[in-house]
1. What's log10 of I(q)/I(0) for the protein assembly as shown at q = 0.05 Å⁻¹, Debye sum over Cα points only, no solvent?
2. What do you get for the angle between helix A:150-162 and the principal long axis of chain A? Use alpha-carbon atoms, 0 to 90 degrees, nearest ten.
3. Convex hull volume of the Cα atoms in segment B:2-221, per residue, in Å³?
4. So, by mean Cβ neighbours within 10 angstrom, what's the order for A:273-280, A:68-75 with the highest one leading?
5. Rounding to the nearest 10 and keeping the result within 0 to 90°, find how far the Cα-based axis of helix B:75-90 lies from the longest principal axis of chain B.
6. Looking only at Cα atoms, what is the convex hull volume of segment B:105-150 per residue, in Å³?
7. When Lys and Arg each count +1 and Asp and Glu each count -1, what net charge do the other residues less than 11 Å away from A:Val304, Cβ to Cβ, add up to?
8. Calculate, axis by axis, the spread of Cα positions in segment A:1-40 along the three principal axes, and write the results as whole Å, longest axis first.
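Just so it is clear, none of the values below were taken in a lab; they were calculated from the coordinates. No experiment lies behind these values; they were computed from the predicted model shown. Cβ atoms come from the backbone with ideal geometry, glycine included; neighbour counts cover every protein chain shown.
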Amino acid sequence: MTEENIITFDHVSKEFTRADSKEKLQVLKNINLKIHKGSIFGIIGYSGAGKSTLIRCINGIELPDTGKVDFEDIEINHMPKKQLRETRKEMGMIFQQFNLMPSRTVFENVALPIKYSKQSQQQIKDKVLELLKIVGLPDKADAFPSTLSGGQKQRVAIARALVNDPKVLLCDEATSALDPQTTEDIIQLLRRLNHELDITIVVVTHEMQVIEELCDDVAVLDKGKIVEQGDVYSVFVDPKTPLTKKFIATTSKLNLPDEVLNSNLLKLHDNDLLVKVTYISSKAIEPLISAISRKFNVDANIIVGDIKILRGKPLGGLVIILSGKQSDVSGALSYIKEKQVRTEVLASA
Amino acid sequence: MLSKLFPNVALNYNIFQNSIVQTVEMLIITGIISFLISLIIGVLLVVTKKDGIASNPVVWNILDKIINLFRSIPFIILIAALIPLTRVLSGTAIGVKGTIFPLIVGIVPFFSRQIESALNDLDQGLIESGQVMGLSTFQIIKSIYLKESISNISRVTTITFISLIGLTAIVGVVGGGGIGDFAIQYGFQQNEQDATFACIIVLLVIVTIVQIIGTLVSRKTTH
C-alpha cells in the first residue's frame, strides 16, 4: 500500500432542507478524510448519520455546499457534467438493493456501463465473461436477476461496477441485505479484488463486523461528523468515543450484560474480583494469567474469552475472576496493570 | 341469423361495416400519434421534475399546468372549442379526418400522465445506478427509464387505449363517423335498439382485443 491519497475530503459540509418543515438539516459537518490508494476504507455510522451522502460526494451524485472533494487531485464538485460522467467511469458503485436491471440478463446488466463505449461486441463479450468468472458466476450469463439469490445479485452488481476497470469501488451498505454467510463471502470477494486488481475500496456500513473483517482504515460518523478515525486495529483496541465503543461492543463477546453481572451465575466470594483484560498491543495475555497465578498465588478463573487475530495482531481479551488473599489479589491486579494490556475491574465481592 | 337478431343492422350492413373500419382507423392513427407525443411529454415530466435527472422547474411547471388545463375540459366541449383549429389543421371538422386532431388533444394529457406515473414507478435505485455508471441523460432515458418500464408502459397504454375507444365513440355525436356515429344515428335517433346493441358488441370485442394484446406484451416483458 502506498501512502498516496486517491480521495480527499477537505472541510466538506452539506445541508438538506426538509420538504415538510423547511427546517435545515446538516447532513455533513466539516468532513476531512484522506483515503489511501489501494486501501480499503470503511465508514461506519447509524442510519441517518450521513454515510450515504458522504459516499455519494465521492462520485458527485451529491455535491457539497462547502469544501471540496478531490479524486486524484482533481476537484469533483466543480467538474463540468461531461467530465464528471467520464470520472464516474473510474469509480464503480454497488448498493444495498443491488439495483440490477430486471428486464436484462446478467450478461446485459454487466455490459450496460460499456454499452455506449467504443468497444466492439467481441471486446464487450470477453470483458463481461471474464468478470463473471472473477466474481464466481461464469454460468449465469443468461439468467435474469429475479432468478438469483441475494449474494449472486451482489456479485453481478460487483461485476457490473468493475466493467470500466475503475480505480475505486464504492460500496453503499453492500452487505446489509445479505445473510451472515453471504456477507462473509462478499467480504472475501472484495478483499480478493482489492488484492488482485489493486482497486481502492470505500465501504459504508452500519455493521462493525464488515469493518473488522474488510477494512484497513475506518472513520466513525455520528450525525454528520467524523468522531473518530484511524487504522482499524488501533481504533478497535483503543476506541475513544462512546459511539465507537458501542460499535465495537457488537463484535465482542466480552461485554457481559448487566443481567449476567448481577446474577448468581457469577458468584464472587471474599476478595474476588471480576476483571476484564483486553489487548492494546500484540503482547499476549495467556502467559500473564499463568504468571500471576504463580507469582501471587491467586486463582484466575476464565469466565469468557474472545481472542481473534485482526490484521495479524491479536484482538479481544478475557474476563476472569481473581480469587485469593486480599493482598495477593490486589498485587496481581497491579501487576497486570503494569503490563501492556488494558485492565478493567467489572465487579468485586 | 344477422337479419333475425339485428334486422336494422342487416339493413344498413355496409354502413355498419364502414363505421367499424372508421373506428379502427381513428384508434390506430390517434393511438400511434398520441403514444409518441405522450411518451415525449411523459419523459419530459419525469426528467425535469425536482430531483429529476435533468431537473428544470420552468419546463416542468409549464407542462404540468397545460396538462391540468386540458384535463379539466370535458371532451365534448373540447371538440367544439377546437373546431376552428381542426379546420385549419385537417381542412375539415367532420368525418374521420376531422376527428384525429381533437382525439389527440383529448387523449394526450391523460396519456402523458399515465406514462409519467409508469416511469415514476421505476425503482429510483436503477436510475441512480445509471448515473454512477456515467451514462448520459439520454442514455438513462433510453436504456433505463424506457427499457425497464416497457411492461408498465404497456399496461398504461392499454388503459389509455380503452379510454380512447370511449372518446372515438363520443366524436360520433358531432358527426365524426365510426361506431359512435352509427349508434347515434340508427340506435338513438331512429330508435333502433338492435343497432345500439350491435355497437356495444363491436366495442366490447375491440376492448377485449386491446386488453389481450396489452396483457401479452406486459407478460412478455416481465422477468
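1. For the requested q values the scattering log ratios are -0.37.
2. With rounding to tens, the tilt is 60 degrees.
3. Details: hull volume 27.1 nm³, N = 220.
It is 123 Å³ per residue.
4. Numbers: A:273-280: 20.6, A:68-75: 15.6.
Top to bottom by mean Cβ count within 10 Å: A:273-280, A:68-75.
5. Result, in degrees: 90.
6. Numbers: hull volume 3.0 nm³, N = 46.
Taking the convex hull of the Cα positions in segment B:105-150, it is 66 Å³ per residue.
7. Values: positive: A:Lys253, A:Lys276; negative: A:Asp306.
For residues surrounding A:Val304, the net value is +1.
8. 47, 16, 9
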